[in-house]
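Asks: After the structure tokens below, expect a handful of questions from me.
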Amino acid sequence: MNLIHRTATAVVAALALSVPTAAITATASNAAPAGVSHADQHSQIVGKKAKKKVKLKLKRSAKYSHVGQTGVKLTAVAKKGKKKAKGKVTFTVNGAAVAKKKLRKGKASYRLASTNAPGVYTVTAKYKGKKKSTKVRVYNSAISLSAVEFTVSQATDSWDLPAMTGTVQYKDKPANDGYVDIYKDGNKKGGSSSPDYCCMASVADNGAFEFGGYSFLAKVQEMPVGDYTFQAFYTETASFAEYIYSSPIVVHVVP
């Protein structure tokens, strides 16, 4: 028995000597650092994986607008990983903070003021250290009218009614073609098919146009006694893809 015991001890000793030192070192390197449990180590790894990247985009409703009319709408879209972000977005215009908007379903919007002077504006959205910028132009565009208030008597001969003249400034220069349409209450939906469509005049050189009394006020003269509001709209082409509009035109119809 002593012989067997001595033999077994020798075999175990030999096996121990045959294990490489590198294997022992590798096993030791995988152990948790002193004072850090395996649970803490796991928590740190999960925390790193859970950190989601913030993404920010800035969209605009149009590349430009016209002075005095509805400004361009800027919309910031924020994501945290694949989810819609929460919090607030700060908007700046030419470097000056103008609004702080709450994200709703990952979106926050700001609309440029209609009172902005003609020029180019840089709009920036800022969120969680991220920022995106875009440029928006405001054109000097307007319809100028010889008068915006008239009194029309039903007893006056239509050929004696006054004309309404005007000029069109479009995208920083006088328009040399296009059309001006007049609609009651500004209801241009449907174009010439609108029940509130009145009449149309062509635009000549230097943006000039004219509505003779017989082509505008004579039609209003046929309406019942009362006060009516109209608006003139200019479009550059017959496609009517884009309009600019005038101040309201008030017409008083009297007996």
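Asks: How large are Rg and Dmax for region 173-255 when calculated on the C-alpha trace, in angstrom?
Replies: Cα only, region 173-255: 13.0, 42 Å (Rg, Dmax).
Asks: Apply the Karplus curve 6.51 cos²θ - 1.76 cosθ + 1.60, θ = phi - 60°, to the phi angles in region 191-198 and return the couplings in whole Hz, x for Gly and Pro.
Replies: x, 5, 8, 5, x, 9, 6, 10
Asks: Mind listing the long-range amide H neighbours of Ile244? Cut-off is under 5 Å, sequence gap 5 or more, other chains count too, H placed in the peptide plane at 1.01 Å from N.
Replies: HN-HN under 5 Å from Ile244: Tyr234.
Asks: If you don't mind, another one. Please give the Cα centre distance for region 83-140 versus region 159-201, rounded to the nearest Å.
Replies: If you average the Cα positions of each part, the centres end up 34 Å apart.
Asks: Let me ask you something else. To the nearest 20 debye, what is the magnitude of the charge dipole of region 72-206 about its Cα centre, counting +1 on the Cβ of each Lys and Arg and -1 on the Cβ of each Asp and Glu?
Replies: For region 72-206, the charge dipole is close to 3080 debye.
Asks: Under 5 Å between amide H atoms, partner at least 5 residues away or on a different chain: which partners does Asn116 have, H built in plane at 1.01 Å?
Replies: Those lying under 5 Å, H to H, from Asn116 are Gly68.
Asks: Over region 156-255, with every protein chain in place, what whole percent of the accessible area is carbon and sulfur at 1.4 Å, could you tell me?
Replies: 50 percent
Asks: Can you work out the accessible area per residue across region 160-231, with the rest of the protein chains kept in place, probe 1.4 Å, in square angstrom?
Replies: In whole numbers, region 160-231 has 50 Å² accessible per residue.
Asks: A further question on this structure: Spin-label point model (7 Å from Cα, Cβ direction): what's the Val225 to Asn140 distance in nm?
Replies: 4.6 nm
Asks: Output the pairs from Lys189/Lys219; Lys107/Lys189; Lys80/Lys135; Lys73/Lys135 with a Cα-Cα distance over 23 Å in this structure; if there are none, say none.
Replies: The pairs that break the limit, which is 23 Å between Cα atoms, are Lys107/Lys189; Lys80/Lys135.
Asks: Also: What full-extension length gain, to one decimal in nm, is calculated for Thr115 and Ala96 as 0.36 nm per residue of separation minus the Cα-Cα distance?
Replies: So the extension gain works out to 5.2 nm.
Asks: For region 54-200, what is the convex hull volume of its Cα atoms per residue in Å³?
Replies: Spread over its residues, the Cα hull of region 54-200 gives 163 Å³ apiece.
The values are calculated or read from the model by the stated rules, or taken from the named source; none is laboratory data. Please read all numbers here as calculations on a predicted model, not as lab measurements. We place every Cβ from the backbone using ideal geometry, glycine too, and count neighbours over all the protein chains shown. Side chains are part of the model used for accessible areas, which takes the heavy atoms of the whole protein and leaves out ligands, DNA and RNA. Shrake-Rupley method; radii C 1.70, N 1.55, O 1.52, S 1.80 Å.
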